[in-house]
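Enquirer: Before I ask anything, let me first share the structure, which is written out below as structure tokens.
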Amino acid sequence: MRNLIIATTLLFLAACSTNTNSTKSEIFAPEGKAIKGYDPVSFFKEKKAVKGTGEFAYQWKDALWLFSSRKNMEDFKANPEHYTPQYGGYCAYGMSNGYKAPTETDTWEVVNDKLYFNYNAKVKEEWLENQQELIQKADMNWPDLKNKE
């Protein structure tokens, strides 16, 4: 199993170095929607991924943020930095290795009151094994990478 995770990780890193989905945007926003249209506040309050709706939408940092309720939208507006995923919603594991990579919504994790996503479930497993160390590395890489491809 460990070899499979390592092989998956190496493929992931190779893909990231030529990933055409990476963008100069600070926020991972496929089709302009931050975190694929999921409500960022719901990960904290409801402890689950909840799709947002166009009825409750807010433009912030060149991305459209969708919410499942007016209350969640207002909470986000009052403190967007708290609810915004770390590394703009790009992969936490990839960021720890110096890459900006896309993510899947079902890989979310709240750690120390911060929201993180990963490339896929296998990469999340690897990230969980050394989570604190990888977060420190990613935190160091993010300022240099947030506005680069």
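The values are calculated or read from the model by the stated rules, or taken from the named source; none is laboratory data. What you are looking at is a predicted structure, and each value in this text was computed from that prediction instead of being measured. Neighbour counts are summed over all protein chains in view; Cβ atoms, including those assigned to glycine, are modelled from backbone coordinates with ideal geometry. Surface areas here come from the heavy atoms of the whole protein model, side chains and all, with no ligands, DNA or RNA. Shrake-Rupley method; radii C 1.70, N 1.55, O 1.52, S 1.80 Å.
Enquirer: Pick out the one residue from Glu109, Glu31, Glu125 that is free of Cβ contacts under 8 Å to residues at least 40 places away in the same chain and over 13 Å from the mean Cα position of the chain (by Cα).
Expert: On the way: Glu109 fails: over 13 Å from the mean Cα position of the chain (by Cα); Glu125 fails: free of Cβ contacts under 8 Å to residues at least 40 places away in the same chain.
Glu31 is the lone residue from the list that is free of Cβ contacts under 8 Å to residues at least 40 places away in the same chain and over 13 Å from the mean Cα position of the chain (by Cα).
Enquirer: For residues in the range 94-135 being in contact with a strand residue (DSSP E or B) (Cβ under 8 Å, 6 or more places away or on another chain) and β-branched (Val, Ile, Thr), which is surrounded by the fewest Cβ atoms within 10 Å (Cβ to Cβ)?
Expert: Within the range 94-135, the match that is surrounded by the fewest Cβ atoms within 10 Å (Cβ to Cβ) is Val110.
Enquirer: If you don't mind, there's one more thing I want to ask. Examine the range 72-93 for a residue that is open to solvent by less than 70 Å² (accessible area, probe 1.4 Å), touching a strand residue (DSSP E or B) at 6+ places or on another chain (Cβ under 9 Å), of a type in the set (D, E, K, R) and in contact (Cβ under 8 Å) with a residue 40 or more places away in the chain, and state whether such a residue exists.
Expert: No - not one qualifying residue is present in the range 72-93.
Enquirer: Could I ask something else about it? So, of the residues in the range 41-66 that are closer than 16 Å to Ser25 by Cα and part of a strand (DSSP E or B), which turns out to be farthest from the chain's Cα centre (by Cα)?
Expert: Per the stated criteria, the residue is Gln59.
Enquirer: Tell me which residues, restricted to the range 67-85, are under 9 Å from Pro40 (Cα atoms) and either under 15 Å from the mean Cα position of the chain (by Cα) or of a type in the set (S, T, N, Q) (or both).
Expert: Across the range 67-85, the qualifying residues are Asn72, Tyr83, Thr84, Pro85.
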